[in-house]
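The values are calculated or read from the model by the stated rules, or taken from the named source; none is laboratory data. Treat the numbers as computed from the prediction; the structure is a model and nothing was measured. We place every Cβ from the backbone using ideal geometry, glycine too, and count neighbours over all the protein chains shown. Just so you know, the surface numbers come from the protein's heavy atoms only, side chains and all, with ligands and any DNA or RNA stripped out. Shrake-Rupley method; radii C 1.70, N 1.55, O 1.52, S 1.80 Å.
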Amino acid sequence: MAMLGWFDPLDLVAISVFVLAWASYAVTMEWTRLGRGGLNSRMDEERAVWMRRMLRRESRIVDTQIMAALQNGAAFFASTSLLAIGGALTVVRSTDQVASILSTLPVSMPSARELWEVKSVGLTVIFVYTFYKFAWSYRLFNYVAIMLGATPPASEQGSEEAERHVRRTTRLFRSAAMHFNRGQRALFFALAYLGWFIGPWVLIASTAAVVFVVWHRQFASDSLRALRDDDPPS
């Protein structure tokens, strides 16, 4: 309860808006009918198509190369998250120095040292969550690569074993992508969280901006329009 005394009521409102926006967007994307019309859901459908078409190919060198690229992407973001964790912990350890530097800037900074530390710890927690998601996604992509190697030959594509293998591989593939998407989402909201270091109103504005950007990417972007099959032929 003593910790609540470090926050102004507006700070509590701002962080509540941030958490609610993140949670609402995540639930919408992963658990509602609206989310199934987004870009992520469309790519899940394409993963299923990929797995079925791969089953028909004798040579799967291209498939393994694509999977290696996906693994490298997850590894890159996991490494970036580790660097971000180190930077956030440095801010926590150097509260006095950072506050002294930022006090010369024309921005509103938290007056209490404890409040600054709480904000820094919160940022660290977000980056730890981000690292966990990317690291687990990387591991799942490894599992998918193993499943690709265990795919039955094209001559058995009509068998029940082959169909069952494709379904299992697709589900595992979608799980890897889901955790990767959660990691990226956390990075986006970490950028919004940085606004809290300036002030609660900035946090609310940055949260709204991030929600708009990620929503537009999922439901109104050129990428989604490119995947739609209802456009008239040119």
Being modelled with pLDDT under 95, open to solvent by less than 40 Å² (accessible area, probe 1.4 Å) and in contact with a His (Cβ under 9 Å, 6 or more places away or on another chain), is that true of even one residue in the stretch 127-136? no
Just checking, does the stretch 156-171 include any residue being among the aliphatic types (A, V, I, L, M) and either open to solvent by 40 Å² or more (accessible area, probe 1.4 Å) or in contact with a His (Cβ under 8 Å, 6 or more places away or on another chain) (or both)? no
Under 18 Å from the mean Cα position of the chain (by Cα) and open to solvent by less than 30 Å² (accessible area, probe 1.4 Å): does that describe ALA69? no
Can you name the number of the only condition in (1) modelled with pLDDT under 90; (2) within 23 Å of PRO153 (Cβ to Cβ) that ALA48 fails? (1)
Expected output for the stretch 156-172 (first residue farther than 12 Å from ARG52 by Cα, partner open to solvent by 70 Å² or more (accessible area, probe 1.4 Å) and at pLDDT 90 or above, Cβ below 6 Å, 6+ apart or cross-chain) is LEU172/TYR143
Please find, among THR151, THR95, the residue that is modelled with pLDDT under 80 and in contact with a Ser or Thr (Cβ under 9 Å, 6 or more places away or on another chain). THR95
Would you confirm, using the coordinates I've provided, whether ARG56 is in contact (Cβ under 8 Å) with a residue 40 or more places away in the chain, closer than 16 Å to ARG171 by Cα and more than 15 Å from the chain's Cα centre (by Cα)? no
Filter the stretch 181-224 down to the residues that are open to solvent by less than 40 Å² (accessible area, probe 1.4 Å), among the small types (Gly, Ala, Ser) and at pLDDT 95 or above and list them by number. GLY183, ALA186, ALA190, ALA192, SER206
Taking the conditions exactly as written (open to solvent by less than 30 Å² (accessible area, probe 1.4 Å), within 22 Å of VAL118 (Cα to Cα) and within 12 Å of the chain's Cα centre (by Cα)), does ALA177 satisfy them or not? no
Residues of the stretch 29-58 that turn out to be open to solvent by 30 Å² or more (accessible area, probe 1.4 Å), in a loop (DSSP other than H, G, I, E, B) and within 18 Å of ARG185 (Cα to Cα), as a count: 2
